[in-house]
Amino acid sequence: MGVVHDVWRVTKELLEATVLPWPSEEREERLRTVDRLLREREELLRKLRPPYSEEEQELGREIIVWNQEIEARLLRVCEEIRRDLRMTGAKRQANARYVHPYEQPLSFDGMFYDKRR
């Protein structure tokens, strides 16, 4: 089968590597694995040349379905990373306010406001 079968094999590995959930302890290692597989698949895709046999076309259809699932999984991981970064930033700000309470501008909630002036 050649190149099409190799692309199918790498895509299957990529599908298995993107299985959710991604614990934060394993995230960096899994991202490296996904990146390596994507680079490998990109090289293989450059080598694809038609015409394709019926069996290769069937593998291609399966690859297309898997690509959609892989993309959806990677988008979820991306959103999870964004959420973690926002949470880290919020924790950092809260910690800074707690450690240095008088360096931040005072909040005005609870202050009396005179309408006549």
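One table, with the values for the structure above:
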{"quantity": "Angle between the chain longest axis and helix 27-46 axis [Cα atoms, degrees, rounded to 10]", "calculated": "40"}
{"quantity": "Theoretical FRET efficiency, 1/(1+(r/R0)^6), r = Cβ-Cβ of Cys78 and Glu13, R0 22 Å, to 0.05", "calculated": "0.65"}
{"quantity": "Positive minus negative residues near Glu56 (Lys, Arg vs Asp, Glu; Cβ under 12 Å)", "calculated": "-3"}
{"quantity": "For a label point 7 Å along the Cα-to-beta-carbon line of Glu58, residues of segment 3-44 with backbone N under 19 Å", "calculated": "3-12"}
{"quantity": "Correct choice for mean projected area of the Cα convex hull in nm² that was computed from the model, options [x] 13.6; [y] 6.9; [z] 9.0", "calculated": "[x]"}
{"quantity": "The chain - mean residue ellipticity at 222 nm from DSSP helices (-39,500 (n - 2.57) per run, n ≥ 4, rounded to 500)", "calculated": "-24500 deg cm²/dmol"}
{"quantity": "Dipole-positive endmost among Tyr98, Leu85, Gly2 within the chain (Cβ charges, Cα centre)", "calculated": "Tyr98"}
{"quantity": "Simple label model, 7 Å out from Cα along Cβ direction - Glu29 to Val3, nm", "calculated": "3.4"}
{"quantity": "With Cα atoms, 0 to 90° folded angle of helix 3-17 axis to the chain main axis", "calculated": "30"}
{"quantity": "Loop-resident sites, segment 1-73, for trypsin sites (Lys or Arg not before Pro), counting at most 12 other Cβ within 10 Å (DSSP)", "calculated": "Lys47"}
{"quantity": "Neighbourhood net charge (13 Å Cβ-Cβ; Lys/Arg +1, Asp/Glu -1) for Gln93", "calculated": "+3"}
{"quantity": "0 to 90° range, to nearest 10: angle between helix 54-99 axis and the chain longest Cα axis", "calculated": "20"}
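Coordinate-derived values only; no laboratory data. Please read these numbers as outputs of a predicted model, since none were measured by experiment. Glycine also receives a Cβ, built like all others from the backbone with ideal geometry; neighbour counts cover every protein chain displayed.
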